[in-house]
Amino acid sequence: MSAVRSLLSQRFLWMALLLSLGIGALSVRALWTLRNDEWSYALKANTNLAGTLSHSLEWTLDAVDQSLLGVVESLERVEGISDPARLHRRLREAVRFESVVRLHALGDVVVINAQGDVILDSGSREPRKANVADRDYFLAFKEQQHDGLFVGRPVPSRVTGIMSLPLARGFRTPQGEFGGIVLSAVRLSYFNELFASVDLGENSGVNLFRADGVIVARFPYGDLDVGKSIAGSANMLRFQNEKQGSFVGRAALDGVERSYSFTQVGRFPLILNVAQAKATILKKWNRSAWGLGIFTLALMLACMALAVLFTRELQRRQAVSAQLQRAERDMSTILHSIPSVVGSWDAQLYNRFGNQAHEVWFGVPPQKLRGMHMSELLGPERFKHTELLLRKALEGEAQVFETTLTDRRGVSRHIIVSYTPERDGEQVLGLFIQATDITERKRMEDQLFEEKELMRLTLQSIGDAVVCCNAAGHVTYLNPVAQRLTGWQGFDAAGCDVDEVIRLVATEGGAELKSPLRTAMQRDRALPPTRGAVTHRTTHQRFDVELSASPIADRHGQVTGGVAVLRDVTQAVAMEARMARLAHYDVLTDLPNRVLLQDRAQQAIAQAQREGKHVAVLYLDLDGFKQVNDAMGHDMGDQLLVQWARRLQAVVRQTDTVCRQGGDEFVLLLPALSSAQQACVVARKIMQQCLAPFVLQGVTVPMGLSGGLSLYPEHGQSLDELTRHADAAMYAAKQAGRNQMRLYTGPAQPPALVVQKEDLA
């Protein structure tokens with residue numbers, strides 16, 4: 001008999017061990033699943049963050065590049081002049097820095113000649129003294145014949161001393177020779193400010209590299225590593241070869257193992273990565289793993305302890321039959337090993353059985369619990385709250401509910417309780433009661449809700465319109481910006497076709513465009529921004545937008561929907577139109593500038609050749625303008641120039657062109673003239689316009705006028721020749737005493753007098 005009991009004891013011990021191992025295996029599987037979920041979420045978030053930061057950098061760098069291109073185009077139209085002073089003036093007249101993008105993170109745009117000296121500066125009328133002939137961005141164009149935009153190594157500016165990322169473009173002289181470069185720079189503080197909104201945790205941050213491995217910015221590690229190169233490292237080779245993606249690697253600088261999500265910044269030779277330390281990603285999971293692991297180990301040990309206790313109890317009850325002992329031990333092992341409180345109560349609510357969890361929760365061991373009334377276990381107040389549910393269960397109606405309980409150690413538990421009637425036919429003999437601790441599940445539910453709420457608030461607070469849809473293309477969400485942009489309310493748009501809510505049409509012509517969002521979901525990849533226009537549903541107001549579309553996939557890679565981000569670029573489009581006008585018109589007087597004058601002159605000369613007509617060019621300069629500027633200030637000088645421009649426009653034909661050459665110099669183009677006398681008549685009218693004094697804020701200011709006149713085809717075959725000869729005649733008028741206009745008569749003869757102020761007085 002003793003051998004039988006020993007054999008049975010060993011059997012129950014093995015069963016307890018297997019149960020403990022099963023619990024441990026389930027815990028390990030659960031922990032591994034949680035780890036994979038944590039890792040996948042961090043990887044997706046870092047990938048999205050890298051894409052967002054890359055788009056922001058691409059927009060800024062593209063704007064700077066367009067500004068540099070505008071200055072290069074202006075420079076390449078300037079012909080050489082022997083006089084250095086006049087060369088500087090001609091450059092200032094040709095280069096319109098008003099078209100340069102103004103951002104707080106950008107330095108001034110400077111023009112550098114072929115010797116590396118600064119000759120023009122958008123931040124100062126007189127260029128600051130500096131030479132950059134030894135810089136890599138200068139050598140790239142001069143010695144290596146680089147073409148296009150060049151991104152230099154981050155260096156301190158020789159003008160301001162601020163660490164910056166140089167951006168340069170080269171330009172050539174009209175003879176095709178290297179003329180120099182146009183240079184701007186992005187302050188490195190801009191990247192740190194952009195990346196400062198990102199908090200990835202300890203040993204984590206955002207990095208920006210040149211394509212050759214030179215470090216541009218590392219946040220939040222400061223600027224100590226800026227300018228260093230990690231070319232040839234394993235991580236950099238992956239960045240260069242794959243251009244975009246994610247992987248886990250060990251950093252070359254500090255040896256920390258991180259998850260890298262990287263992408264190339266648009267068309268620029270820059271690579272951005274979001275690097276989050278592996279330990280940081282798994283930090284939260286590690287805490288959970290330790291807690292659950294300790295709890296599981298304790299549970300496994302408890303199972304083994306219960307098995308030992310059950311074996312001892314079996315040995316003490318030698319009088320009980322072996323079958324009953326085995327059945328009781330099996331039942332007791334199962335009930336005592338599970339983490340739930342399990343008990344059986346009769347119809348009068350006296351306990352018939354309770355598992356070991358009662359001692360953990362209530363401090364009452366199973367032996368003491370048997371025969372105890374439920375009110376003694378719960379206490380009078382809690383029993384009063386549950387008495388109604390207990391009576392309904394005793395009437396045959398099962399009850400399931402959630403509540404909170406503070407156990408004997410003061411730990412607050414969120415539990416789910418079930419009262420199951422124990423029946424004998426129609427008669428209820430008692431209740432089977434089970435209470436399960438769901439605190440961890442409740443915590444995870446709350447955490448999931450907080451994450452969803454955080455995502456909702458984020459989408460509501462961003463400045464771009466966000467529209468989400470399911471895999472069928474039906475709208476599921478619009479943020480407030482999207483509602484204002486489209487005129488759809490969230491409850492109206494829910495369930496509607498996304499192409500009905502976002503009807504994207506071409507900016508020019510209004511033709512409806514193919515849905516980028518559906519295309520992104522079909523191709524299962526994000527699409528680059530699409531420029532178009534949307535119309536407000538109720539006000540019919542038109543907005544120019546850039547629409548970016550991306551698919552949404554579940555953890556298995558199955559596309560479950562899509563998200564469209566619409567950026568309102570209406571003001572940017574208007575600014576482009578304004579910049580196009582500024583390229584052809586003077587900002588102060590709104591008169592055509594040199595570029596537009598050149599175009600109209602070519603047309604006028606071509607017409608004169610066909611019809612046998614004359615074209616006249618008048619070069620005008622206000623006498624005494626510098627004294628007005630010095631005495632009354634530049635604002636008064638600007639008002640004088642505006643008034644003078646209006647007087648000039650009043651005496652010429654609609655087909656004539658009045659151009660501000662620069663400062664107080666103006667050029668008039670008179671096309672389709674039958675004779676030189678017509679030009680002289682216009683010259684007299686212009687001189688008469690200067691007889692009346694100017695009134696500047698109540699102050700009467702008399703002004704004089706000197707001018708020169710040249711004619712096509714007698715004095716030149718191009719605008720440059722005619723302008724040069726008219727300029728020479730104007731200088732002759734000034735040397736002859738000012739307040740007169742003279743006609744160019746040839747290189748060997750002095751210009752002839754056309755009209756002088758004394759003749760008109």
Fill in: Only listed residue being crowded, with 16+ Cβ neighbours inside 10 Å and out of contact with any strand residue (DSSP E or B) (no Cβ under 9 Å at 6 or more places or on another chain), chosen from Gly662, Gly716
Gly662
Worksheet entry | Filtered residues of the range 272-290 (kept if crowded, with 16+ Cβ neighbours inside 10 Å and of a type in the set (Phe, Trp, Tyr)) | Trp285
Practice prompt. Looking only at the range 213-237, count how many residues are over 24 Å from the mean Cα position of the chain (by Cα) and either of a type in the set (D, E, K, R) or part of a loop (DSSP other than H, G, I, E, B) (or both).
Written response: 8
Discussion item. Name the single residue that is surrounded by the most Cβ atoms within 10 Å (Cβ to Cβ) among those in the range 358-376 being under 60 Å from the mean Cα position of the chain (by Cα) and in contact (Cβ under 8 Å) with a residue 24 or more places away in the chain.
Written reply: Trp361
Worksheet item: Quick one: in the range 114-138, which of the residues that are surrounded by fewer than 17 Cβ atoms within 10 Å (Cβ to Cβ) and of a type in the set (S, T, N, Q) is modelled with the highest pLDDT?
Response: Gln115
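Given the residues Asp623, Asp638, which is the only one that is over 14 Å from Val695 (Cα atoms), assigned by TED's automatic domain parsing to the domain that holds Ala728, acidic (Asp, Glu) and touching a Leu at 6+ places or on another chain (Cβ under 7 Å)?
Just one listed residue meets the conditions, Asp623.
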Worksheet item: Right, Ala211: in contact (Cβ under 8 Å) with a residue 40 or more places away in the chain and within 26 Å of Val155 (Cβ to Cβ) or not?
Response: yes
Discussion item. Residues to consider are Leu306, Leu314; find the one that is farther than 30 Å from Phe383 by Cα and either at pLDDT 70 or above or hydrophobic (A, V, I, L, M, F, W, C) (or both).
Written reply: Leu314
Item to complete: Being part of a strand (DSSP E or B) and over 15 Å from Glu665 (Cβ atoms) is the filter here, so list the residues in the range 711-741 that pass it.
Response: Leu711, Tyr712, Gln740
Practice prompt. Could you list all residues from the range 110-165 that are closer than 17 Å to Tyr190 by Cα, assigned to a loop (DSSP other than H, G, I, E, B) and in contact (Cβ under 8 Å) with a residue 12 or more places away in the chain?
Written response: Gly152, Arg153, Pro154, Ser157, Thr160, Ile162
Item to complete: Output yes when any residue across the range 665-681 is touching a Phe, Trp or Tyr at 6+ places or on another chain (Cβ under 7 Å), hydroxyl-bearing (Ser, Thr, Tyr) and in the same structural domain as His725 (by TED's automatic domain parsing), and no when none is.
Response: no
Item to complete: Only residues that are farther than 18 Å from Ala114 by Cβ and hydroxyl-bearing (Ser, Thr, Tyr): list them for the range 154-178, please.
Response: Ser157, Thr160, Ser164
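Quick check on Leu547: is it outside the structural domain of Ser515 (by TED's automatic domain parsing) and of a type outside the set (Gly, Ala, Ser)?
Values: outside the structural domain of Ser515 (by TED's automatic domain parsing): no; of a type outside the set (Gly, Ala, Ser): yes.
Considered against the rule, which asks whether it is outside the structural domain of Ser515 (by TED's automatic domain parsing) and of a type outside the set (Gly, Ala, Ser), Leu547 comes out as no.
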Discussion item. What's the total number of residues in the range 409-431 that are under 22 Å from Lys442 (Cα atoms) and either without any contact (Cβ under 8 Å) to a residue 24 or more places away in the chain or out of contact with any helix residue (DSSP H, G or I) (no Cβ under 6 Å at 6 or more places or on another chain) (or both)?
Written reply: 8
Discussion item. Residue pairs, Cβ under 7 Å, 6 or more apart or interchain, first in the range 690-701 and aromatic (Phe, Trp, Tyr), second surrounded by 11 or more Cβ atoms within 10 Å (Cβ to Cβ). List them.
Written reply: Phe694/Leu640; Phe694/Gln643; Phe694/Val701; Phe694/Met703
Fill in: Residue match in the range 246-261 (condition: without any contact (Cβ under 8 Å) to a residue 24 or more places away in the chain, under 23 Å from Leu194 (Cα atoms) and part of a strand (DSSP E or B))
no
Worksheet entry | Filtered residues of the range 219-235 (kept if free of Cβ contacts under 8 Å to residues at least 40 places away in the same chain and in contact with a helix residue (DSSP H, G or I) (Cβ under 9 Å, 6 or more places away or on another chain)) | Phe219, Pro220, Gly222, Ser229, Ile230, Ala231
Worksheet item: Do you know which of the residues in the range 199-208 that are touching a Ser or Thr at 6+ places or on another chain (Cβ under 9 Å) and not small (Gly, Ala, Ser) is surrounded by the fewest Cβ atoms within 10 Å (Cβ to Cβ)?
Response: Glu202
Worksheet, complete the sentence: When (1) loosely packed, with under 15 Cβ neighbours inside 10 Å; (2) touching a strand residue (DSSP E or B) at 6+ places or on another chain (Cβ under 6 Å) are applied to Ala683, the one that fails is (1)
Worksheet item: So, in the range 389-406, of the ones that are surrounded by fewer than 16 Cβ atoms within 10 Å (Cβ to Cβ) and closer than 19 Å to Val364 by Cα, which residue ends up farthest from the chain's Cα centre (by Cα)?
Response: Thr406
Response to the item:
Restricted to the range 416-436 and to residues being touching a Phe, Trp or Tyr at 6+ places or on another chain (Cβ under 9 Å) and either of a type in the set (Val, Ile, Thr) or at pLDDT below 85 (or both), the residue farthest from Val364 (Cα to Cα) is Thr420
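The values are calculated or read from the model by the stated rules, or taken from the named source; none is laboratory data. No experiment lies behind these values; they were computed from the predicted model shown. Cβ sites come from the backbone with ideal geometry, for glycine too, and all protein chains shown count toward neighbours.
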